[in-house]
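The values are calculated or read from the model by the stated rules, or taken from the named source; none is laboratory data. All values reported here derive from a predicted model rather than from experimental measurement. A quick note on method: Cβ atoms are made from the backbone with ideal geometry, for glycine too, and the neighbour counts reach across all protein chains shown.
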Amino acid sequence: MSRCPQCATELETPVGCVACGRLLALDADVTPFAILGWVPTDEIDARELHKRLLRFSRLTHPDYFAAASPEVRALAESNSARLNEARDILADDARRADWFVRNLGGPDENDERQMPKEFLLEVLEWNEVLEEAQAAGPNAATTAHLDELEQELRAQRAETIDSIRARLTPLPARGASSLRDIRRDLNAVRYLDRALGDIEAQRLSRPAVR
Amino acid sequence: MGYIELEVLNNSASELALGIDLGTTNSLAAVWRDGRPSVLHAEARSALVPSVIYFPKDGPPLVGREARDQAVVDPRNTIFSIKRFMGRGLKDVGPELASLPYKASETERGLIQLEVRGKKYSPQELSALILMRVKNIAYAALGGQEVTRAVITVPAYFDDTQRQATRDAARLAGIDVLRIVNEPTAASLAYGLDQRGQGNVAVYDLGGGTFDVSILSIEDGVFRVLATAGDTHLGGDDFDQRLAEIARTELRAKVGPQTIEDPGFQQGVRLAAEKCKIELSHQPEAEMHLVVPELRLNWRRRVTREEFDRITADLVNRSIDACRQALSDSRLARQQIDEVVLVGGSSRIPAVRARVEEFFGRKPHTELNPEEVVALGAAVQAHILVGGKRDMLLMDVTPLSLGLETMGGAVSKVIQRNSTIPCHATEGFTTYADNQTGMDFNIVQGERELARDCRSLGTFQLRGIPPLPAGMARIAVRFHIDADGLLTVSAKEESTGASAHIEVKPMHGLTDGEVEAMLKASFDHARDDFESRRIADLRIEIGTMVHATEKHLNAAHAGLDRESYLDLTEAVAKAKNAAETSDPVALQKTRDELERATLPLASLLMNNVAQKALMGKSLNDV
């Protein structure tokens, strides 16, 4: 950990100094883990993460710089944006895994497009249920079908996330072959999330989103 | 020590900042005083300034109550609900326009302009008039202290164009916006819910023209908006319309279709419907009552609460659907909601209260006036911003996803909705032709898959890309949403480090140049406006004084000496004549003269009151 250039206190975060309140310029390549003072790992304690977000937000949120110079305001804006982004990545199982795959030299979503045939058949099945529900309109039977599908999809999502997390503990080596499997699982999560979104939209019997 | 300096500044008067609720139906300001927020009002009147503007034949526009009173007489020159038009295009507001009596057009960039007395005004300029009025009332209420900095609230659902339009309106009104805050967030601040260590709050805000519901979490004094949902076209006005519809149906046979369509008649019906709705909040039945002497119409219609609830049930249902959506987005269960806050005049409707309580399974907060609660909260936030205090922090999310239109009209999401702001994202682009130096983009906001179903925030053009073979240029376009929820876009070519130039053309909005030009024009007119305003104010004041004096002429005759009485009647007669003049100096003189002549009457009346108060009391009681 480096020290604050103003008061020499050891820094908890590179966005600024908790001790003296000084904001610090962040290099573009500082990782989300470093921003939150976290050793890279897939083990994330949600409460601790939240605590750090609040602690560091009190340091850098633009509201505290309403009367400051444009340069300082800009720094507060950008550091807050970086902090929020870092928290979002660390807090979300899928985004965190995506970050690891990218940064450990694994394939991105365009390099690894192939999905297993069985999975694609399943996707077709969900879509059928969704289309039928849409055609039938909201009624008790539709609701039951959608509930059932949702449960199934949520269970499958949880399972996929578990599989991803198992492959990330301990963190794979750079360029490991397991990164390709994680990417495939992440692609499956994207399909699942899209279908879950469709169910939610139908349940509220309104267009997908405003 | 920076902190000590801040504390000192904090105590000085110049560090005041207003909290302004710029509402669809009413607007008002509040300020932090003596350790708590309080609303600012002119004398004993309600703090609510109707968001209504009236353009008289000559002289400057009137804003507020006086303007609203003109609605029935002269609807074509009275502007209502201008907030609905902020940052919108004609296409968006078509249905409302049909029910409103003014002419509207659109500039080529989709900026709506309303035509009043042959002159065109943008919603930004009209909202600026309301803000100026609110600012002036604050000025008077603070004993002549000018406050130019403010926190202004907007519905949580406002997109970037609407927020930007609000900011531009404030600039036109000479207000320095410290922060744009979502209304429901302000409401929770007003209730001091930040004092709870930890909890989740649902804020249900049914105002005059907009509805939104937000789920917030509070932890150690930090507010996070977990989710917002709502409907920018649901509010008290819609409840009025349902009653007005009954009136129109039943009156059609009586007055004929032509009268029904008459704008003045429609405004009359609207006001009668609104009055009936308000009464139904306190009593089980009420009457719609419409009197039009010229038509010899004296129409009454009894409405029970049950009938009212029936004809408005779908409106309440729509709001509850949004509650369900927000709750689902927040990933909380109903049992996890610890507090429910009601905001907006329409939250007084008993059926609304009942349904909200039923849905969230909690009795909602109603201790504060639901029409003042947002301004109060804005004043709390303004106090935090000027005070630099760090014991509270407001963290907000962006209500809608932000994306770019791609080939084939699809949307590529750049920032997901409910991302905590400030936030940013960078998208990479490359050229598709050799030596291509420019590219065009359409920025959209919304959740739909196709760009045409989302709202276009504007287009931007990328220029100055260095000439390279197709696919070689690497342009990084950076989107940043700031703490106010406003978007800025910047770009850089990464292989050469050249910074590409970006020009964003806002849809439905004003460019910086246009705002500057309007500001300059208003400075040029400021003197005229000031004179006209002063004349109008003096006339009103003289009118009020004459009216009050005439009411007590009998008492004056009986109680004053002859000389004072003659002096008084003479001054009143003079004042009545003088009201026609447009010379501010003469008007001022008349007013002062009248005030002097009414002094004996005033002390006589005071004595009478005092005597009455003392009558029948022994000296010991006094």
Practice task
Examine segment A:107-116 for a residue that is more than 17 Å from the chain's Cα centre (by Cα) and within 14 Å of another protein chain (Cβ to nearest Cβ), and state whether such a residue exists.
Solution key: yes
Exercise for the section: Output yes when any residue across segment B:479-493 is within 35 Å of the chain's Cα centre (by Cα), among the hydroxyl-bearing types (Ser, Thr, Tyr), assigned to a loop (DSSP other than H, G, I, E, B) and within 14 Å of chain A (Cβ to nearest Cβ), and no when none is. Expected result: no
Exercise for the section: Could you please find all residues in segment B:349-404 being crowded, with 24+ Cβ neighbours inside 10 Å and small (Gly, Ala, Ser)? Expected result: B:375, B:377, B:378, B:379, B:382, B:403
Problem - Subset tally (residues that are of a type in the set (D, E, K, R) and either part of a loop (DSSP other than H, G, I, E, B) or facing chain B (nearest Cβ under 9 Å) (or both)) for segment A:48-57 - result: 1
Exercise for the section: Among what's in segment B:150-187 and is among the hydroxyl-bearing types (Ser, Thr, Tyr) and under 18 Å from residue B:509 (Cα atoms), pick the residue that is modelled with the highest pLDDT. Expected result: B:166
Completion exercise
residue B:407 passes all but one of the listed conditions (1) out of contact with any Gly (no Cβ under 7 Å at 6 or more places or on another chain); (2) among the hydrophobic types (A, V, I, L, M, F, W, C); (3) more than 11 Å from chain A (Cβ to nearest Cβ); (4) under 18 Å from residue B:478 (Cα atoms); the exception is number (4)
Fill in the blank from the handout: Scanning segment B:469-478 for residues that are away from chain A (no Cβ under 14 Å) and either farther than 30 Å from residue B:157 by Cβ or in a loop (DSSP other than H, G, I, E, B) (or both) gives B:469, B:470, B:471, B:472, B:473, B:474, B:475
Practice task
Could you check residue B:260 against (1) in contact with a Lys or Arg (Cβ under 7 Å, 6 or more places away or on another chain); (2) under 23 Å from residue B:79 (Cβ atoms); (3) touching a residue at least 60 places away in the same chain (Cβ under 8 Å) and say which number it fails?
Solution key: (3)
Exercise for the section: Could you please find all residues in segment A:33-57 being of a type in the set (Asp, Glu) and touching a residue at least 40 places away in the same chain (Cβ under 8 Å)? Expected result: A:42, A:43
Completion exercise
Going through segment B:385-399 in order, the residues found to be among the small types (Gly, Ala, Ser) and not in a helix (DSSP H, G or I) are B:388
Handout entry: Out of B:178, B:234, B:226, sole residue that is within 13 Å of chain A (Cβ to nearest Cβ) and assigned to a loop (DSSP other than H, G, I, E, B)
Key = B:234
Handout entry: Residue satisfying condition, being in a loop (DSSP other than H, G, I, E, B), of a type outside the set (Val, Ile, Thr), at pLDDT 90 or above and farther than 18 Å from residue B:161 by Cα, within set B:466, B:370
Key = B:370
Problem - Subset of segment B:420-463 [among the small types (Gly, Ala, Ser) and surrounded by fewer than 17 Cβ atoms within 10 Å (Cβ to Cβ)] - result: B:428, B:433, B:438
Handout entry: Subset tally (residues that are touching a residue at least 24 places away in the same chain (Cβ under 8 Å) and touching a helix residue (DSSP H, G or I) at 6+ places or on another chain (Cβ under 6 Å)) for segment B:277-294
Key = 5
Completion exercise
Taking segment B:338-348 and keeping residues in a loop (DSSP other than H, G, I, E, B) and surrounded by fewer than 24 Cβ atoms within 10 Å (Cβ to Cβ) leaves B:338
Completion exercise
The condition of being within 11 Å of chain A (Cβ to nearest Cβ) and part of a helix (DSSP H, G or I) holds, among B:382, B:375, only for B:382
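Each row is one residue, and each column tells you yes or no for (1) at positive phi; (2) exposed (fewer than 11 other Cβ atoms within 10 Å of the Cβ); (3) modelled with pLDDT under 80.
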| residue | (1), (2), (3) |
| --- | --- |
| B:513 | no, yes, yes |
| B:516 | no, no, yes |
| B:530 | no, no, yes |
| B:568 | no, no, no |
| B:581 | no, no, yes |
| B:588 | no, no, no |
Handout entry: Residue in segment B:181-206 that is surrounded by the fewest Cβ atoms within 10 Å (Cβ to Cβ), counting only those that are more than 14 Å from chain A (Cβ to nearest Cβ) and in contact with a Pro (Cβ under 8 Å, 6 or more places away or on another chain)
Key = B:190
Handout entry: Pair list, Cβ under 7 Å, 6 or more apart: segment B:141-163 residue closer than 15 Å to residue B:228 by Cβ, other residue part of a helix (DSSP H, G or I) and not aliphatic (A, V, I, L, M)
Key = B:153/B:183; B:154/B:162; B:154/B:163; B:154/B:166; B:154/B:183; B:155/B:183; B:156/B:183; B:156/B:184
Fill in the blank from the handout: Of the residues in segment A:81-96 that are facing chain B (nearest Cβ under 10 Å) and touching a residue at least 40 places away in the same chain (Cβ under 8 Å), the one that is surrounded by the most Cβ atoms within 10 Å (Cβ to Cβ) is A:83
Handout entry: Set B:313, B:322: member being away from chain A (no Cβ under 14 Å) and either in contact (Cβ under 8 Å) with a residue 60 or more places away in the chain or surrounded by fewer than 17 Cβ atoms within 10 Å (Cβ to Cβ) (or both)
Key = B:313
Completion exercise
Being under 35 Å from the mean Cα position of the chain (by Cα), facing another protein chain (nearest Cβ under 10 Å) and in contact (Cβ under 8 Å) with a residue 40 or more places away in the chain narrows B:391, B:453 down to just B:391
Problem - Matching residues, segment B:416-450, being hydrophobic (A, V, I, L, M, F, W, C) and more than 9 Å from chain A (Cβ to nearest Cβ) - result: B:429, B:433, B:439, B:441, B:443, B:444, B:450
Exercise for the section: Output the number of the condition that residue A:60 fails; it satisfies all remaining conditions of (1) in contact (Cβ under 8 Å) with a residue 40 or more places away in the chain; (2) farther than 30 Å from residue A:177 by Cα; (3) among the polar types (S, T, N, Q); (4) more than 13 Å from chain B (Cβ to nearest Cβ). Expected result: (4)
Handout entry: Filtered residue count, segment B:120-157, keeping only those that are closer than 16 Å to residue B:67 by Cβ, polar (S, T, N, Q) and crowded, with 24+ Cβ neighbours inside 10 Å
Key = 1
Exercise for the section: Note down all Cβ pairs under 8 Å where the first residue falls in segment B:334-360 and is free of Cβ contacts under 8 Å to residues at least 40 places away in the same chain, the second is surrounded by fewer than 22 Cβ atoms within 10 Å (Cβ to Cβ) and of a type in the set (Ser, Thr, Tyr), and they're at least six residues apart or on different chains. Expected result: B:353/B:366
Practice task
With respect to residue B:84, determine if the residue is touching a Ser or Thr at 6+ places or on another chain (Cβ under 7 Å) and among the basic types (Lys, Arg).
Solution key: yes
